[in-house]
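One structure below.
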Amino acid sequence: MSISSEHKPLGKQVTGSLHTVSKLSPIVELNVGGEMYTTTLSTLKKHPGSKLAEMFTGQPKLRTDSEGRFFIDRPGTYFKYILEYLRSNQVPTQCIQDVYKEALFYDIEPLIKQLEDSPQIFGELVARKQFLARVPNYSENIELMIRIARAEAVASRRSSVIVCVVRTEEDASRCQDALNSLDMDKKSVVKFGPWKAAPSISDLLDCIQMDVEAKGYKVSFQPHIAEKGFRFKSHDFFYKFLFTWW
């Protein structure tokens, strides 16, 4: 027997089923990573091409929490900046890097572009990242440094990695000659360069330290002093990166 419309249960369906947008209230309650927000449907759909707008267009793909709020599994702390931008076009001035990641996730193109014009994001994406893109195998060499350091960390407080940094093809040739004269395992020396860009060797060294530390390691560097009789100035090419474990 079919159930007549007057006997059908009313109210929200909370137990795993999805809300239908056409029946949504203009006021929407959200649970973003444990942070609770209340806003309007029109605010969330302000930029129709965004992923956030698509979440609330048609049949939403979002589940609800035990209170019936739509749940988004993202860092809730930074969603307030996203929401403020949608409400008033106010570009955040705090937590720029983290808000930028969220803007990318929600695919809010106008906010992404405005954040990329900020000094923090511009410096990272346009200046530093484009420079490092011209350094051959930069990311792979960072990972190689970490693997070598971890392999040498057994029962040690510190471990070191020797890095050879060359800016020009001529320096690369001289560095290879120097490597052949070194009394060490050449496979354990990580080579960076050459590159065609304005930043100097010291700039690259700072980038290496920054990116290793971004992975959670404590690291410092200094010129590598070779033994007497070495036929090149060791600090012209070789640097020791020191990983401290405890």
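Points worth noting:
- Among the residues of segment 108-119, those that are in a helix (DSSP H, G or I) and out of contact with any Phe, Trp or Tyr (no Cβ under 8 Å at 6 or more places or on another chain) comprise Glu109, Pro110, Lys113, Gln114, Pro119.
- Cβ-Cβ under 6 Å pairs, at least 6 apart or on other chains, segment 140-165 side closer than 23 Å to Phe237 by Cβ, far side open to solvent by 20 Å² or more (accessible area, probe 1.4 Å) and among the polar types (S, T, N, Q): Ile148/Ser188; Arg158/Thr244
- Which numbered condition Arg74 fails, given (1) more than 17 Å from Met36 (Cα to Cα); (2) within 18 Å of the chain's Cα centre (by Cα): (1)
- Flag for Pro194 being farther than 16 Å from His224 by Cβ, touching a Ser or Thr at 6+ places or on another chain (Cβ under 9 Å) and in a loop (DSSP other than H, G, I, E, B): yes
- Scanning segment 144-176 for residues that are open to solvent by 70 Å² or more (accessible area, probe 1.4 Å) and in a helix (DSSP H, G or I) turns up Arg147, Arg150, Ala151, Glu169, Glu170, Arg174, Gln176.
- Selection status of Ile162, at pLDDT below 95 and either β-branched (Val, Ile, Thr) or touching a Cys at 6+ places or on another chain (Cβ under 7 Å) (or both): yes
- Residues that are at pLDDT 90 or above, open to solvent by 70 Å² or more (accessible area, probe 1.4 Å) and under 30 Å from Gln120 (Cβ atoms) number at least 1 in the following helices (runs of 4 or more DSSP H) confined to segment 1-107: 51-55, 79-88, 96-106.
Conditions (1) charged (D, E, K, R); (2) assigned by the TED database to the domain that holds Tyr37; (3) in contact (Cβ under 8 Å) with a residue 24 or more places away in the chain, marked per residue:
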| position | (1), (2), (3) |
| --- | --- |
| Glu67 | yes, yes, yes |
| Ile72 | no, yes, yes |
| Cys95 | no, yes, no |
| Leu104 | no, yes, no |
| Asp107 | yes, yes, yes |
| Phe131 | no, no, yes |
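The values are calculated or read from the model by the stated rules, or taken from the named source; none is laboratory data. What you are looking at is a predicted structure, and each value in this text was computed from that prediction instead of being measured. Positions of Cβ are generated from backbone atoms using ideal geometry, with glycine treated the same way; all protein chains shown enter the neighbour counts. These area figures cover heavy atoms from the full protein model, side chains too; ligands, DNA and RNA do not enter into them. Shrake-Rupley method; radii C 1.70, N 1.55, O 1.52, S 1.80 Å.
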